[in-house]
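I have placed the structure first, in the form of structure tokens, so that the comments after it can refer back to it.
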Amino acid sequence: MSSRPQPFAAAPKAMEDFFRFSTRVAESGLEHSLLELVKIRASQINGCANCLNMHTSDARKAGETDQRLHLIAAWQDAPCYTDRERAALAWTDHITQIAKRRAPDEVYAGLDAHFDKEEQVQLTMAIIVINGWNRLAVGFDMFDPKLGW
């Protein structure tokens with residue numbers, strides 16, 4: 001058994017606040033399908049199996065195709081994403097890996113071409129949220145017991 005704390009038990013108030021914030025960000029008005037793609041992409045980069053399992057399942061339930069889900073890891077070369085989705089995925093890659101990749105002007109220009117200023121902030125907040133969940137899940141071994149892990 002892991003000696004790592006379970007965040008909801010160890011710091012319930014902080015986790016409740018983060019959960020509420022996550023819910024507000026998810027209700028920003030951005031397309032549900034776009035948000036799921038972003039969550040999946042960030043979770044791939046961060047190696048979060050729990051979040052990948054959860055968000056690919058949620059995306060499928062919302063009507064996302066297996067083809068598009070399988071190709072997210074290679075989104076730059078896959079023709080099945082819209083320009084808006086590509087801009088969001090590029091921004092996700094850079095914000096998730098900000099220490100290494102920064103947020104270069106050409107990536108921001110793609111974002112700016114497809115998202116208004118409010119949407120840019122909403123999308124960035126969604127990326128911040130999934131990165132937070134990934135770090136909690138990986139750092140504290142927060143795996144869903146229904147998966148048998």
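The values are calculated or read from the model by the stated rules, or taken from the named source; none is laboratory data. If you're wondering where the values come from, they're calculated on a predicted model, not measured in any experiment. Here the Cβ positions follow ideal geometry from the backbone for every residue, glycine too, while neighbour counts run over all protein chains shown.
Give the residue, chosen from F115, F8, F19, that is closer than 21 Å to R135 by Cα and at pLDDT 95 or above.
The conditions single out F19.
Checking each residue in the range 29-73 for being of a type in the set (S, T, N, Q) and assigned to a helix (DSSP H, G or I) picks out S33, S43, Q44, N46, N50, N53, T56, S57, Q67.
Which residue, of R24, R41, R84, R20, is basic (K, R), more than 12 Å from the chain's Cα centre (by Cα) and surrounded by 12 or more Cβ atoms within 10 Å (Cβ to Cβ)?
On the way: R24 fails: surrounded by 12 or more Cβ atoms within 10 Å (Cβ to Cβ); R41 fails: more than 12 Å from the chain's Cα centre (by Cα); R20 fails: surrounded by 12 or more Cβ atoms within 10 Å (Cβ to Cβ).
Among R24, R41, R84, R20, only R84 is basic (K, R), more than 12 Å from the chain's Cα centre (by Cα) and surrounded by 12 or more Cβ atoms within 10 Å (Cβ to Cβ).
Just checking, which of T92, T124, T96 is surrounded by 15 or more Cβ atoms within 10 Å (Cβ to Cβ), among the polar types (S, T, N, Q), farther than 16 Å from I40 by Cβ and touching a residue at least 24 places away in the same chain (Cβ under 8 Å)? Spell out the reasoning first.
On the way: T92 fails: farther than 16 Å from I40 by Cβ; T96 fails: farther than 16 Å from I40 by Cβ.
Only one candidate qualifies: T124.
Do the conditions hold for A126, that is, is it modelled with pLDDT of 95 or more and assigned to a loop (DSSP other than H, G, I, E, B)? Criteria not met by A126.
Selection of the range 83-117 for residues being in a loop (DSSP other than H, G, I, E, B) and of a type outside the set (S, T, N, Q) yields R102, A103, P104, F115, D116. Just a yes or no: is a residue in the range 51-68 in contact with a Cys (Cβ under 8 Å, 6 or more places away or on another chain) and among the hydrophobic types (A, V, I, L, M, F, W, C)? Scanning the range 51-68, I find no residue that is in contact with a Cys (Cβ under 8 Å, 6 or more places away or on another chain) and among the hydrophobic types (A, V, I, L, M, F, W, C), so the answer is no.
Could you tell me how many of the residues in the range 50-69 are farther than 9 Å from N134 by Cα and either surrounded by 19 or more Cβ atoms within 10 Å (Cβ to Cβ) or among the small types (G, A, S) (or both)? Show your work before the answer.
The first filter runs over the range 50-69 and keeps only residues farther than 9 Å from N134 by Cα, leaving 52-69.
Retained after the next criterion (residues that are either surrounded by 19 or more Cβ atoms within 10 Å (Cβ to Cβ) or among the small types (G, A, S) (or both)): 52, 54-57, 59, 62-64.
Total satisfying the criteria: 9.
Note down all Cβ pairs under 9 Å where the first residue falls in the range 38-50 and is touching a residue at least 24 places away in the same chain (Cβ under 8 Å), the second is outside any helix (DSSP H, G or I) and surrounded by 24 or more Cβ atoms within 10 Å (Cβ to Cβ), and they're at least six residues apart or on different chains. Qualifying pairs under 9 Å: A42/C48.
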